[in-house]
Amino acid sequence: MSEPSLATVEKLYQNRGLRAVELKTEGIKTMGYLCCYAPTELLTAAGVVPLRITGNVNESISMADAHIETITCPFVRNCFDLALRGEYSFLDGFVVPHTCDNVARIYDIWRYTIRQPYNHFINVPHTIATGSLDFFRAELDTFKKSLETSLDKHISSDELRESIALHNQFRGLVRKLYDLRLPDPPLLSGAETMKIILATTRLPVNEANELLRSAIEEIKQRPNKQPKGHTRILVYGPEVDDVPFIEMIEEMGFDVVIDDLCIGTRPYWSDVEITPDPMDGLAQRYLEKINCPRTFRPRTGTRKEDLDNRFKYILDFAKKYRVKGIILYVIKYCDIYGFDAVDVKDYMEEAGFPGIIVEGDYTSMSIDWMKTRIQAFQEMIA
Amino acid sequence: MEEKKGLLEGFMLSGRAVKATESAKMIRGITRDMSQRAHAAVAEGKPVAYSFMGGPHGEILRAMDIVPIWTENYAAICAAKRQADAFITKAETEGYPRNLCSYCTSILGIDATRKEIGALPDSADGGLEKPTVMLGSGMMICDPRYKAYQAAQRYNDVPYHVIDWLWPPVTTPISEVQDYYLKYMIEQLWDLVAFLEKNTGHKMNWDRLSEIVDLSERTIQVWHDAFQFRKAIPAPMPAEDAMNTMVPGWFLLGTQESLDFFNNLYQELKDRVEKKIGVIPNEKYRLMWAAGLPPWYALAMFNYFEAMGAVTAIEITYHPPDPVEIPQHVKHPLERIAWRNFKQFSTMMGSADEGGRDPMVNRVLKMCDDYHIDGLLMHRAMTCRTVHVGEIHMANVLKEYTNRPILILEGDIIDMSAFDEAGAQAKIDNFMELLEVTSHRND
Ligand code: SF4
Ligand code: SF4
């Protein structure tokens, strides 16, 4: 990658597997992972390139229905369909954290059907209580050991520290990218932000850092062509892993200046502290510092305090990025977000940020159903 | 297939499953008593706790004199009485989509209504009491087990607690993880006791808990032994009965009532086997309910199979857990509960990677032989991912090892609108024809 730039972003966005295939020919192993809870630092430290598995919102299911129920999370089904069609055949491994039921179920089906050379499932506590951190730390040790055995390579603490530093750098750069959305109008659109992030999800972390750094510079240098007078908005939801949904919202006269999405702020807003034993910092970050409704934060105090404990970070986003409201996207068959969205919406409305919940089936086809409601919402809050 | 005449059109949804055993007929009384106990506790100012089955909650609550309210069970009763739909619809208007777990949306609908009218909504057995505390669980079984009560806090602003209750992983050697899995489970149980003591004012009675755990272990053994009689031909008890007789096992475990119930069931099944009393007079085919939670509003569908000579002799769903040996040095009742859970699942998972097969597939194949099974039934409940995602895969893998026909019916546990009776009948008819071809038992 001699000329990292927004053109490279576009190229990688259009063909997300591009670099992965090159890596394969260079003899570098790649492993795919689902969700925000796979400790990618361990893979990098092991000399493996971690690749985030995403679906394709523009494709309908062709093969997965013969293997998996239509009541499955459509994001998970879509990823699996791509795997069945050979789009992930280059992967040397499949790493799945226990984030939700759907992801847990797909692990067994995927490993049996796709038969990637290496498979590992990490149990991630659903609550943060006595013993949760110790348990998770032990579970990460088991993962590390299994990786070492499979690769016949010891992962040293120094290698892990170095990897953590690189991934922290990456997360820091993503936050810098989001800083460019603070001005009004923002320096880049929500859709462009997502494209940049997507382009980096299939790169070795050092290359991702390089790309992101130069993309930020390029954006700063270029004239701001973002339309003026759009309504600043926050988008909340799970796996929105391509731009059509965000594009549709922005075409309605919104600027998506901040999000709480799995391909967005969620995996990048907190860093791993480099602790004397780096595994400790890793466990702590992945268990406690990612804000996702799959992790239960024990209730302390009143309901109001509990809601603050669960959602104040969203409110902070809303204030910092000066949004007018929140669009909550719920994917059909997702119990995790389905049970939370009502609370999030009410919490935000109480704080003065009107919200709307839209339900989709992950694909870009379902976006049409939402247009009218989002348009009406725009008219209401603009 | 002449025999199916006599069943009226629409009977699956309008009729009640005919029970074969006396034990199953007692269950409705038991569930009424369970509700009664909750009403009495509330009247006396004693704590009551919302909870889900399958975790360690029941035994701990009883040792602390707190009455459990099993919300899944209550939702199923409402479904059987055709009362659940109104509550699911209520939850939907509150913003909870119909595709979320319908046990949970039924209860959210009740919770919302109770809060709105300031009284118990009119529903089965005098209604569902407002809980003093709610108890969820993560990691084991399903997400709604911890997310739904969290949502319910908007209606029941009461203390809420979640434990992680673990299943050992399938692809990691159990011996490598056993120590820290057990350690975490035990810590979680101590946490639960502390939470309950703090929020209900009731203290743990440790001697009582030891007795309860003893009772549980004895009950599981008798329950397991009773089920061995179901290997007999003709089948002494059908799945639709077992889906009722599971109530004292899963919801009253650790009580004398539960142990007595299974002692009686043992005697009844023994007696029926000795006298060769089958579920139906002319048993032609034996089926296994191989996956899925049942459509509670349509259990009469089993009678449709029976009218054609097919009895559902055994089921995976709600099957009693395996009795397990807990090491001698483990004495503390909380530790025994954790060990029992871990061992039950690790025994089941033990065969996990035999030929790379799923442990459930291994279990089904073994049960096919043990219970002389001719065909397999599954049900896909559209609102529950955790139990039902994987059925197609399981059927695919099973087909690599057995030519027994497999039927997957579609519906829901609670939501009747998901069930197409005519479609189900057509599928069953096709399946029965296939069964006639593949089964050689009566040649
Ligand atoms: S969208 Fe929901 S169900 Fe799907 S993977 Fe994410 S948390 Fe799980
Ligand atoms: S196992 Fe399925 S039906 Fe039972 S509570 Fe969980 S999601 Fe609902």
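The values are calculated or read from the model by the stated rules, or taken from the named source; none is laboratory data. Remember, it's a predicted structure, so these values are computed and weren't measured experimentally. All Cβ positions, glycine included, derive from the backbone under ideal geometry; neighbour counts span all protein chains shown. Surface accessibility is based on the protein's heavy atoms, side chains included, excluding ligands, DNA and RNA. Shrake-Rupley method; radii C 1.70, N 1.55, O 1.52, S 1.80 Å.
Taking every alpha-carbon pair in chain B and binning the separations at 20 Å intervals from zero gives 25, 59, 16, 0 percent. Cross-link partners of B:LYS203 among lysines, defined as those whose alpha carbon lies under 16 angstrom from its own and excluding same-chain residues fewer than eight positions apart: B:LYS46. Annotation: amide H of A:PHE254 within the under-5 Å range of A:THR231, sequence separation 5 or more or interchain, hydrogens built in the peptide plane. Roughly how many Å² of B:GLU116 are accessible to a 1.4 Å probe, to the nearest 10? Rounded to the nearest 10, that gives 120 Å². Counting only protein chain heavy atoms and rolling a 1.4 Å probe, the accessible areas of B:TRP206, B:TRP223 rank, largest first, as B:TRP206, B:TRP223.
With a 1.4 Å probe and every protein chain left in place, work out the accessible area per residue of the stretch A:193-242 in Å², rounded to a whole number. Don't skip to the end; give the middle numbers.
Numbers: 1770 Å² over 50 residues.
Here the per-residue accessible area is 35 Å².
Going from most exposed to least, what order do A:ILE61, B:ILE277, A:ILE381 have by accessible area with a 1.4 Å probe? It would help to have the intermediate numbers written out before the result.
Numbers: A:ILE61 45, B:ILE277 70, A:ILE381 20 Å².
From most accessible down to least: B:ILE277, A:ILE61, A:ILE381.
Between B:GLU22 and A:ASP184, the simple spin-label model (points 7 angstrom out along Cα→Cβ) gives 7.9 nm. Take each residue of peptide B:191-200, count the partner chain Cβ atoms within 10 Å of its Cβ, and average: the result is 1. Length, then width, then depth: along the principal axes, the Cα atoms of the stretch B:256-376 run 52, 41, 31 Å. For A:PHE296, the residues 5 or more places off, or on other chains, whose built amide H falls under 5 Å of its own are A:THR127, A:ILE128.
Its convex hull of Cα atoms gives the stretch A:226-382 a direction-averaged projected area, equal to a quarter of the hull surface, of 10.4 nm². List the pairs from B:LYS90/B:LYS198; A:LYS220/A:LYS304; A:LYS24/A:LYS225; B:LYS270/B:LYS343; B:LYS270/B:LYS366; B:LYS25/B:LYS399 whose alpha-carbon separation is above 31 Å, in the order I gave them. Those over the limit are B:LYS90/B:LYS198; A:LYS220/A:LYS304; A:LYS24/A:LYS225; B:LYS25/B:LYS399.
Based on the alpha-carbon gyration tensor of the stretch A:11-129 and its eigenvalue square roots a ≥ b ≥ c, which shape applies: rounded if a/c is under 1.5, prolate if not and a/b is larger than b/c, or oblate?
Details: a/c = 1.69, a/b = 1.08, b/c = 1.56.
Taking the square roots of the gyration eigenvalues as a ≥ b ≥ c, the stretch A:11-129 is oblate.
Using a 1.4 angstrom probe on protein heavy atoms only, the contact between B and A buries about 5000 square angstrom of accessible area, both sides summed. Of the solvent-accessible surface of the protein assembly as shown, computed with a 1.4 Å probe and all protein chains present, 51% belongs to carbon and sulfur. Placing dummy labels 7 Å off each Cα toward the beta-carbon, the span from A:ALA351 to A:LYS225 is 3.5 nm.
Please work out how much length the chain gains when fully extended from A:ARG175 to A:GLU305, using 0.36 nm per residue of separation minus the C-alpha to C-alpha distance, in nm with one decimal.
Details: separation 130, 0.36 × 130 = 46.80 nm, distance 2.72 nm.
Taking 0.36 nm per residue and subtracting the Cα distance, the gain is 44.1 nm.
Less than 5 angstrom separates the built amide H of B:GLU410 from those of B:ARG380, all sequence-distant by 5 or more or on a different chain. Where the alpha-carbon atoms of the protein assembly as shown are placed on the principal axes, they occupy 89, 59, 58 Å, in descending order. Taking 16 Å as the straight-line reach from the Cα of A:LYS153, the lysines in range (excluding those fewer than 8 positions away in the same chain) are A:LYS29, A:LYS144, A:LYS145. Annotation: cysteines of chain B without a disulfide-compatible partner (Cβ-Cβ under 4.7 angstrom) are B:CYS78, B:CYS142, B:CYS368, B:CYS384.
Angle of helix B:391-401 to the longest C-alpha principal axis of chain B, folded into 0 to 90 degrees and rounded to 10: 50°. When the GluC sites (Glu not before Pro) in the stretch A:21-55 are filtered for DSSP coil states and for at most 12 other beta-carbon atoms within 10 Å of their beta-carbon, the remaining sites are A:GLU26.
With 5 Å bins beginning at zero, the pair-distance distribution over Cα atoms of the stretch A:81-174 amounts to 2, 11, 16, 18, 21, 19, 11, 2, 0 %. Please list log₁₀ I(q)/I(0) at q = 0.08, 0.09, 0.10, 0.14 Å⁻¹ for chain A, using the Debye equation with identical point scatterers on the alpha-carbon positions. Relative scattering, expressed as log10 I(q)/I(0), comes to -0.39, -0.50, -0.63, -1.32. Interface residues of the stretch B:86-101, defined as a loss of at least 50 Å² in heavy-atom accessible area between the chain alone and the complex of all protein chains with a 1.4 Å probe, are B:ASN99, B:LEU100.
Work out, in µm²/s and without decimals, the Stokes-Einstein translational diffusion coefficient of the stretch A:274-317 at 4 °C, 1.567 mPa s, Rh from Kirkwood over C-alpha pairs.
Values: Rh = 11.9 Å.
For the chosen part, D equals 109 µm²/s.
Spin-label model, B:ALA40/B:ALA86: points 7 Å from Cα along the beta carbon direction are separated by 2.8 nm.
Solvent-accessible surface of protein heavy atoms, probed at 1.4 angstrom with all chains present, puts B:LYS130, A:LYS319, B:LYS231, B:LYS90 in the order A:LYS319, B:LYS130, B:LYS231, B:LYS90, largest first. Using heavy atoms of the protein chains and a probe of 1.4 Å, the accessible area assigned to B:ASP157 is about 90 Å². Pair-distance distribution of the stretch B:65-121: all C-alpha pairs, bin width 5 Å, starting at 0; shares per bin in whole percent are 5, 21, 29, 25, 14, 4, 1, 0. Placing a label point 7 Å from the Cα of A:GLU288 along the Cα-to-Cβ direction, the residues of the stretch A:136-160 whose backbone N falls under 13 Å of that point are A:136-137. Taking 0.36 nm per residue of separation and subtracting the Cα-Cα distance, full extension of the segment from B:THR438 to B:ARG32 would add 141.9 nm. Within the stretch A:247-288, name every residue whose backbone N is under 19 Å away from a label modeled 7 Å from Cα of A:ASP141 along the Cβ vector. Under cut-off, by backbone N: A:275-288. In order along the stretch A:202-216, phi translates into HN-Hα couplings of 10, 10, x, 4, 5, 5, 4, 4, 4, 4, 5, 4, 6, 5, 4 Hz, rounded to whole numbers, per the Karplus curve 6.51 cos²θ - 1.76 cosθ + 1.60 with θ = phi - 60° and x for Gly and Pro.
Per residue, how big is the convex hull of the stretch A:177-229 when only Cα atoms are used? Give it in Å³. The partial results should precede the final answer.
Details: hull volume 3.5 nm³, N = 53.
Considering the Cα atoms of the stretch A:177-229, their hull volume per residue is 65 Å³.
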